[in-house]
1. How do the peptides 96-106, 39-49 rank, highest first, by the average count of neighbouring beta carbon atoms within 10 Å per residue?
2. Relative contact order for region 5-102 using alpha-carbon pairs under 8 Å, separation at least 6, rounded to a whole percent?
3. Please tell me the relative contact order of the chain in percent, rounded to the nearest whole number, where contacts are Cα pairs under 8 Å and at least six residues apart.
4. Provide the descending list of Cα extents for region 246-358 along its principal axes, expressed in whole angstroms.
5. For the chain, give the share of DSSP beta bridges that are antiparallel, in percent and rounded to the nearest 5; count only bridges with both residues there.
6. If I model a spin label as a point 7 Å beyond the Cα along the Cα-Cβ vector, how far apart are those points for Tyr113 and Lys234 in nm?
7. Under a cut-off of 19 Å between alpha-carbon atoms, report the lysines in cross-link reach of Lys43, not counting same-chain residues fewer than 8 places apart.
8. Give me the percent of accessible area attributable to carbon and sulfur for the chain, probe 1.4 angstrom.
Amino acid sequence: MRGKSILVFPINISESAAFAKTARELGVRVVSATSETILADEKNAGIVSLPYITDPDFNRSFFELLAEQGIDSVFSPHPGVWAHLQSLAKGGVSPVAFSVCNEPPLDTNWLRYGAAYQWARLCADEWGLASSVAAALSPTRYANLHFGYNQIPGQNDDVKLLLLAHIVRSAPTGDVVEIGSLYGRSAFALAWLAKFHAIGAVVCVDPWDAVSIKDQGDEATLLNRQAYDVDWEKIFSGFIASMSGFDNVNYIRQPSSDAHEAYMRGVATGGICSDEFGKTRVCGEISILHIDGNHKYDDVRLDVDTWVPSVKHGGWVLVDDYLWAFGDGPRRAGNEILQEYAVETAFVAGDTLCIQLR
Ligand SMILES: C[S@@+](CC[C@H](N)C(=O)[O-])C[C@H]1O[C@@H](n2cnc3c(N)ncnc32)[C@H](O)[C@@H]1O
């Protein structure tokens, strides 16, 4: 008799694959099943066959699989399959005792939408913005923003999204520049907001390359080590997939200190070009600058010296991780902006310093 196992069925739904991976990571033995034709690589991966639940033979085959594999728990993200398995589990007809371990799939599906609508309601709050700024968008639009943003891996949270949704309403037209995009989570938000508020083009600056990513200081040793271990080509491909739904976006794959020259060349030659996004017109005047690259003081200071002079009057400079557990680079450089530039308004939201220049 084998140890107890969990059945994931049908395996060919994305939620099933994610659940099976997590269960295995937790040391649970997973049996994966499908009613579709099993391909050679699926067979090699140990995926087994079950009839469709509409097949008269389904229940018998299912009970046999439970007994054979010592299965006492089943996961199914398919609403119809879930309901049928739940009726078998609760109906006292199964010769093998088992339970369905997940909540009804339609309830689970709603969680992400519910969170999106709940967050969207916060966007109606005026945050003390002047009445001349652009009106808030509709809650349904904002729910779409929240939903898309949270599909993309990244450390920026819902507070960051909320502040972006607010400051964009008082941003002038111009280019939106992000230094440090990773998979594109905040870039997605900037592109989405720039599109719906007709702000301008979005330029993402990131080397996506371990060689150019310098260390972030002694206090960030844990992060420094990790930067060399990652596959930056995969992260760059993720960024491209995150952003490819927009036609107001492009990128400069260079460290921020070199990228300003490429940006100005784009201004002079009618646009920034890439294979994936084609040509994107930039005007050379920045409406929103999001500084989220290397957080070491010298690097943030270099970002400030290189890019802040291109920010328009009334434009925003956002310094991510102004409050940071791994060093004080963003805080020192952010405080220096407050001392050296004429500031219309400034506040900290979450961990980000937001400065609107006069
Ligand atoms: C904290 S992550 C950015 C997170 C991203 N904004 C998001 O929403 O998920 C920092 C990024 O900065 C990039 N980076 C590091 N040094 C840089 C530099 N000198 N110029 C531009 N980007 C840099 C890294 O490649 C990394 O993708």
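1. 96-106, 39-49
2. 29 percent
3. In percent, rounded to a whole number, it is 11.
4. Sorted from largest, the Cα extents of region 246-358 read 38, 30, 24 Å.
5. 30 percent
6. 3.2 nm
7. Cα-Cα hits under 19 Å: Lys21.
8. 53 percent
The values are calculated or read from the model by the stated rules, or taken from the named source; none is laboratory data. All figures in this text were calculated on a predicted structure; none of them were measured in a lab. FYI the Cβ positions are ideal-geometry reconstructions off the backbone, even for glycines, and counts take in every protein chain you see. To get the accessible areas, we keep the full protein, side chains included, count just its heavy atoms, and leave off ligands, DNA and RNA. Shrake-Rupley method; radii C 1.70, N 1.55, O 1.52, S 1.80 Å.
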